[in-house]
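None of the figures in this text is laboratory data; all of them are computed from the coordinates on show. Worth saying up front: this structure is predicted, and the values here are computed from it rather than measured. Glycine gets a Cβ as well: all are built from the backbone with ideal geometry, and neighbour counts include every protein chain shown.
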Amino acid sequence: MALLKNVVHGVEVFIEWTGRIVCWLLMLLMFLAVFEVITRRILGSPTIWTFEMSGFLLAAVTMLALAYTQLHHGHVNIDFIYDRLSRRGKAIADIISFFPFYLLYCYIFLSFGTNFAAQSWAMKETASTAWSPIIYPVKTLIPVGAALLLLIGLAQLIRNIVIAVKGKEL
């Protein structure tokens, strides 16, 4: 049981730190937006790369923050029945919904995302713009984000199973 607790805690700490690091990408994204406004409006010399780079950073933040958001229960839920359940009842509901919904979603997200990224890597895909940056590393964030989401989901599943069986937190 101690090993299980350590593994779950390790996953949660890893996801927490991933989220904290990713939040700095938001700072970079804001800096790029301000930089573009200054260069375009004040200096009259817009850049060709900041808009796309902003999109890449937004994609990175979105994909890499999925697991962090799940860790802190920040995703949208329909709670009108769930909120009335006991902690054990919530754990059972989470276990039941994990397999047909969460696991299926992660499987589809991970498998299609991996194929999508692999095709992009195989053709060394670039954007069809004047800047023409490589985009396969950005597309790789799709399966990475899905894998992180699956990882935290499995950790939460373990926690919920312990709560459902023993009636207490892991």
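Numbers for the structure displayed
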{"quantity": "Listed residue (63, 19, 158) projecting farthest to the positive dipole end of the chain, Cβ model", "calculated": "158"}
{"quantity": "More than 14 Å apart - percent of Cα-Cα pairs taken over region 23-75", "calculated": "59 percent"}
{"quantity": "Residue order, fewest to most beta carbons within 10 Å, for 106, 23", "calculated": "23, 106"}
{"quantity": "Most mobile of 138, 61, 34 in a GNM of the chain (Cα contacts under 10 Å)", "calculated": "34"}
{"quantity": "Sequence-distant lysines (8 or more away, or on other chains) whose Cα lies within less than 30 Å of residue 90", "calculated": "5, 166, 168"}
{"quantity": "Shape of the chain, Cα gyration tensor, a/c cut at 1.5", "calculated": "prolate"}
{"quantity": "Stokes-Einstein D (µm²/s) once Rh is taken as the Kirkwood radius of region 1-54 over alpha-carbon pairs, at 4 °C in 1.567 mPa s", "calculated": "94 µm²/s"}
{"quantity": "Cut-off under 5 Å, modelled amide H: who pairs with residue 126 long-range", "calculated": "135"}
{"quantity": "Order of 30, 63, 1 under a 10 Å beta carbon neighbour criterion, fewest first", "calculated": "1, 30, 63"}
{"quantity": "Sorted by Cβ density within 10 Å, fewest first, the residues 79, 94", "calculated": "79, 94"}
